[in-house]
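Below: the structure, in structure tokens.
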Amino acid sequence: MSTSLQGKHIILGITGGIAAYKSVVLLRLLVKAGADVQVVITPNGKEFITPVTLSALSGKPVVSEFFTANSGEWHSHVDLGLWADAMVVAPATASSIAKMANGVADNMLITTYLSAKAPVFVAPAMDLDMMAHPSTTRNIELLRSYGNHIIEPAAGELASHLVGKGRMEEPENIVAVLESFFAKSESLSGRRILITAGPTIERIDPVRYISNFSSGKMGYAIAEEAAARGAEVTLVSGPVDLRPRHSRIRLVKVESAIEMLRACEEAFPACDTAIMSAAVADYAPSEPYTCKIKRERDGVDSIALRKNPDIAATLGAIKTPGQRLVGFALETDNAIDNGAEKLARKHLDMIVVNSLADSGAGFGTDTNKVTLLFADGRPAEAFSLKSKADVAKDILDAVERL
């Protein structure tokens, strides 16, 4: 029977935990579902399950070291990262999670993870106290913030005979997660999506500018999720300390609101959907200084400002019946009312409303709490505080329903 895993290239990463025995079942199920599986195991992982067993089930030599001792054959983690459609680390021990989160590339599995272009799924497995330790919870949240998919462990009796959260999810459920992901991964195939992200900066002089606190994390999360669902993404980004990971994301770097508008006007006609998540500066200096302003020499008491163009409203005025336009509204008060007004005024199909009054939402965080409003009269959708990666999923689910 054909499944969404048929023909997919899967890296199965196995680390040194007692739950490695479940990885044998997971490997068998992946192969049975039609996946082409390459096992990468840590040296400690081989203490729990032998490469002979894994090789027999996968039909491939198991990769553990950077090179084969006898022949000197080099195992390229870069090639593996490019080959894979997905990487699954199961079990993922506290030690390996910490290394993945902090880039400690001291074994083949971690270097392969750091080179992976494809989505990564992490299935933690450890004792309950290790699972609950602040360092572990922080590292898992770091991995989640990078866009990794965390397959939460179950609660039950552990190897220590204590009872609590830390059991690696059952292999059948991990396969179900992967099948669901790949089934959804084609849901936006053939679609072209324009996404804006980050702040704009408006120069006062060569060393000073007007801007805001946007980190770009929300827009980049949406771009990664859209690309993972099969869309061809144009990401127009203001200055941020982020870079896109997915190969279907074309990055266009801009600085000012005018530059962002021009990039959007160029890309939008060929797109099915535009998602305007950038925090565009409302104002810019009317006449930026060509030299650094000197307090002692120039005596500038005020700087004249001009209004920047409203990019979402500009696109809303030219969109065709077949296009969808999504805006964002970050508010400090009357969030829903203000969002509804922007939805109508800018001719949007949907607006994502969030408020700085909600702890954990807004600029610079790894989480967000949003409400979606729609122009076609369907009920608003309000969500609890989530990671921005999960918020991106909610937003794109709604876009697909549009």
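The values are calculated or read from the model by the stated rules, or taken from the named source; none is laboratory data. Because the structure is a prediction, the values reported are computed rather than measured. Neighbour counts run over all protein chains shown; Cβ positions are idealised from the backbone, glycine included. Please note that ligands, DNA and RNA were not included when accessible areas were found on the heavy atoms of the full protein model with its side chains. Shrake-Rupley method; radii C 1.70, N 1.55, O 1.52, S 1.80 Å.
List of remarks:
- So Ala183, is it outside any helix (DSSP H, G or I) and surrounded by fewer than 15 Cβ atoms within 10 Å (Cβ to Cβ): no
- Residue satisfying all of: in segment 155-173; at pLDDT below 90 and part of a loop (DSSP other than H, G, I, E, B); least open to solvent (accessible area, probe 1.4 Å) among these: Leu158
- Across segment 359-399, the qualifying residues are those that are acidic (Asp, Glu) and within 19 Å of Ile151 (Cα to Cα), and the one among them that is nearest to the chain's Cα centre (by Cα) is Asp390.
- Residue within segment 132-154 that is open to solvent by 80 Å² or more (accessible area, probe 1.4 Å) and of a type in the set (A, V, I, L, M) present: no
- Flag: Ala357 matches the condition of being assigned to a loop (DSSP other than H, G, I, E, B) and either among the β-branched types (Val, Ile, Thr) or open to solvent by 20 Å² or more (accessible area, probe 1.4 Å) (or both).
- All positions within segment 77-120 that are touching a His at 6+ places or on another chain (Cβ under 6 Å), free of Cβ contacts under 8 Å to residues at least 60 places away in the same chain and open to solvent by less than 20 Å² (accessible area, probe 1.4 Å): Thr111
- Filtered by the rule that a residue be open to solvent by less than 70 Å² (accessible area, probe 1.4 Å) and outside any loop (DSSP other than H, G, I, E, B), segment 47-56 gives Pro51, Thr53, Leu54, Ser55.
- Single unsatisfied condition, Ala312 versus (1) more than 30 Å from Leu402 (Cα to Cα); (2) outside any loop (DSSP other than H, G, I, E, B): (1)
- Residue count for segment 211-223 under the criterion of being more than 15 Å from Ala361 (Cα to Cα) and buried (at least 22 other Cβ atoms within 10 Å of the Cβ): the result is 3.
- Selection over segment 121-143 of residues that are modelled with pLDDT under 95 and in contact with a Phe, Trp or Tyr (Cβ under 9 Å, 6 or more places away or on another chain) gives a count of 0.
- Any hit, segment 262-270, residues being surrounded by fewer than 21 Cβ atoms within 10 Å (Cβ to Cβ), within 23 Å of Leu372 (Cβ to Cβ) and either in contact (Cβ under 8 Å) with a residue 12 or more places away in the chain or over 17 Å from the mean Cα position of the chain (by Cα) (or both): no
- Residues of segment 268-286 classified as under 18 Å from Lys307 (Cα atoms) and not in a strand (DSSP E or B), total: 5
- Scope segment 186-210; condition part of a loop (DSSP other than H, G, I, E, B) and crowded, with 17+ Cβ neighbours inside 10 Å; matching residues: Leu188, Arg191, Gly198, Thr200, Ile201
- Identity of the residue in segment 13-31, closer than 24 Å to Glu179 by Cβ and out of contact with any helix residue (DSSP H, G or I) (no Cβ under 9 Å at 6 or more places or on another chain), that ends up surrounded by the fewest Cβ atoms within 10 Å (Cβ to Cβ): Tyr21
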